[in-house]
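A.B. asks: Sharing a structure below in C-alpha cells format, with a few things to ask.
All of the numbers you see were taken from the coordinates with simple rules; none came from a lab. None of these values were measured; they are calculated from a predicted model. Note: ideal-geometry Cβ built from the backbone for every residue, glycine included; neighbour counts use all protein chains shown.
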Amino acid sequence: MSASDDPPKLRMAPAESAEELAHRFEREKRAVQLQREDNLGDSLAPFRVGSVPYLNAVPLTRGLEEQVIFVPPSKLAEMLRRDELDAALVSVTEVLFNDRYDVLDGIAVASLGEVKSVFLAHRGPIEEVKEVSCDTASLTSVNLLRVLLAERGLRPEFKSLAGYDAATMPDYALLIGDPALNFLLGPREHEIWDLGAAWHELAGLPFVYAVWALRRGMENTRLRRQLREAKSFGLDTLDSIIGSRAEYDYDFRKDYLGWHIHYHLGSDEKRGLAKFMELLRKHGLGPVHQPKFVM
C-alpha cells in the first residue's frame, strides 16, 4: 500500500478554555432564545389578547409583547365581556363571577405568602377601619380584602381611590400593581398590610390573583399552545427579564419576580382558589361559579 493510500490522520480540535466554553454556551443559548422569540413574534393573529401593564405579568407575555393589548384589570374585564378580546390575563374573580370563560390550566399570577404589590395601606389600626378607598383597577384584590376583613368581623364601606399621591392618601387605601410598588418603596406614613401574607396566615395556601380567561365557544387550540409557550419562554429567560427591565432596582426585581410571585396553577393553587370561593360564598360575595379549566 502506497503512502497516498494511508488513511488521513485525525486532528483533534484545540481544547477550549473554561471562558471560551462559557462564551460558546451563552452564544448558543442566545441563538435558541432568539429563535423562540421569532417563533412567537407573529403567533397570535387572528386572536385578540390582553394583559395588564404590571411588572408581575411580564414573564407571561414573553415574546408576545408587540401583539398584546395592555390595560388595567378592570378595563381588561370590560373588553372581555364585550367580546373585544379572545383571551385576557384577568383578575380571577372575573372568571368566578361570570360563567362564560374557560381558564387556561397551569398558568396563573399567584403568591405563597407576601406578594408586595397588593396591600392595604393604613394609618390607624385595621380593627378600626370604617372606610376603604380602592384602586379602581382592582377586581380580585378588593374582594380578597372584603373576605379578609369579614373574617375579622369587619365590614367597612368601600369607595374609589382618587389617586396615589402619598401626601393625600386616605387613612385606609387598597393599592395594587406597579403603583402599589411605587407607594411601598417611596416615603410614606402608612403601615402596610400585605394581602398575600394575610391570606396565607388565614388559609395556609397560595392565592391566585390572575388567570388566562378564554372566550368560550371558539376554537383556540393554537392560542392556548402559544400562551403556554410564552410562559415557558418567560420562565426560561426570567434572569434576562430581571436584568433588563427598568422598574425599580435589580435586587428588588429579583426578589419580587423570583420569590414573591409565581406563575404555576397546580393543585395547591386550586385548593387556595377553592378556599377563596368558599369564603366569597360565606360572606355573600357572588354568585360564584366553578371555573372550567382547559389545557
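A.B. asks: First select every other residue whose beta carbon is under 12 angstrom from the beta carbon of A198; then total the charges, Lys and Arg +1, Asp and Glu -1. Walk me through the numbers on the way to the answer.
C.D. replies: Numbers: positive: R152; negative: E114, E151, D194, E201.
Around A198, the charge tally is -3.
A.B. asks: Another question, if that's okay. Show me, for the range 272-280, the HN-Hα J-couplings you get by feeding each phi into the Karplus relation (A = 6.51, B = -1.76, C = 1.60, θ = phi - 60°), rounded to Hz, glycine and proline as x.
C.D. replies: x, 5, 5, 5, 4, 4, 4, 6, 4
A.B. asks: Right, something else. Using alpha carbons only, how many degrees (0 to 90, rounded to 10) separate the axis of helix 18-40 from the longest principal axis of the chain?
C.D. replies: 60 degrees
A.B. asks: Expressed as an acute angle from 0 to 90° and rounded to the nearest 10, what is the orientation of the C-alpha long axis of helix 221-236 relative to the principal long axis of the chain?
C.D. replies: Value to nearest ten degrees: 80.
A.B. asks: Based on the mean of other beta carbon atoms within 10 Å per residue, what is the order of 73-82, 266-275, most packed first?
C.D. replies: Values: 73-82: 18.9, 266-275: 16.7.
Per-residue mean Cβ counts within 10 Å order the peptides as 73-82, 266-275.
A.B. asks: For the chain, find the longest principal axis of its Cα atoms and tell me its angle to the long axis of helix 140-150, 0 to 90°, nearest 10.
C.D. replies: The angle comes out at about 50 degrees.
A.B. asks: Here is a follow-up. In straight Cα distance, which lysines are under 18 Å from K159, not counting same-chain residues fewer than 8 positions off?
C.D. replies: The reachable lysines, counting only those whose Cα sits under 18 Å from K159, are K75, K130.
A.B. asks: Next question. How much of the DSSP bridge set in the chain is antiparallel, in percent, rounded to the nearest 5? Mind showing how you got there, number by number?
C.D. replies: Numbers: 24 of 38 bridges.
Beta bridges within the chain, antiparallel portion: roughly 65 percent.
A.B. asks: Mind listing the phi-derived Karplus ³J(HN,Hα) values for the range 179-186, rounded to whole Hz, using 6.51, -1.76 and 1.60 with θ = phi - 60°, and x for any glycine or proline?
C.D. replies: Per residue, the Karplus-derived 3J(HN,Hα) values read x, 5, 5, 4, 5, 4, 8, x Hz.
A.B. asks: Skipping prolines and chain starts, which residues have an amide H placed within reach, meaning under 5 Å, of the one on S111, given they are 5 or more residues away or on another chain?
C.D. replies: Close amide H contacts, sequence-distant or interchain: F207, Y209, H262.
A.B. asks: Can I ask one more? Return the subset of K270/K292; K116/K292; K116/K275 for which the Cα-Cα distance in this structure is over 19 Å, preserving the input order. Please list the in-between numbers first.
C.D. replies: Values: K270/K292 12 Å; K116/K292 29 Å; K116/K275 21 Å.
Exceeds cut-off: K116/K292; K116/K275.
A.B. asks: Still on this structure, please answer the following. Working only with C-alpha atoms, what are the Rg and Dmax values of the chain, expressed in angstrom?
C.D. replies: In Å, with Rg to one decimal and Dmax whole: 23.6, 102.
A.B. asks: Determine ³J(HN,Hα), in whole Hz, for all residues of the range 194-210 in sequence, where each value follows from phi through the Karplus function 6.51 cos²θ - 1.76 cosθ + 1.60 and θ = phi - 60°; x replaces Gly and Pro.
C.D. replies: Rounded to whole hertz, the list is 6, 6, x, 5, 5, 5, 5, 5, 6, 10, x, 9, x, 10, 9, 8, 8.
A.B. asks: With runs of 4+ DSSP H residues as the only contributors, calculate the mean residue ellipticity of the chain at 222 nm using -39,500 (n - 2.57) per run, divided by the residue total and rounded to the nearest 500.
C.D. replies: -11500 deg cm²/dmol
A.B. asks: Could you rank the peptides 165-171, 192-198 by their average count of other C-beta atoms within 10 Å per residue, with the highest value first?
C.D. replies: Details: 165-171: 12.9, 192-198: 21.1.
By packing density, highest mean first, the sequence is 192-198, 165-171.
A.B. asks: Could you calculate the contour length gain from T221 to R155, that is, 0.36 nm times the residue separation minus the distance between their Cα atoms, to one decimal place in nm? Don't jump to the answer; show the numbers that get you there.
C.D. replies: On the way: separation 66, 0.36 × 66 = 23.76 nm, distance 4.32 nm.
Roughly 19.4 nm would be gained on extension.
A.B. asks: Follow-up. For the chain, with only Lys/Arg (+1) and Asp/Glu (-1) charged at the beta-carbon, what is the dipole magnitude about the Cα centre, in debye rounded to 20?
C.D. replies: Values: 37 positive and 45 negative charges, 199 e Å.
Roughly 960 debye, rounded to the nearest 20.
A.B. asks: Hey, rough spin-label estimate for D239 and A15, points 7 angstrom out along Cα→Cβ, what's it come to in nanometres?
C.D. replies: If labels sit at D239 and A15, their model points lie 2.6 nm apart.
A.B. asks: Could you sort the peptides 123-131, 180-188, 137-145 by per-residue average Cβ neighbour count (10 Å cutoff), highest mean leading?
C.D. replies: Values: 123-131: 12.7, 180-188: 15.7, 137-145: 23.9.
So the order, starting with the most tightly packed, is 137-145, 180-188, 123-131.
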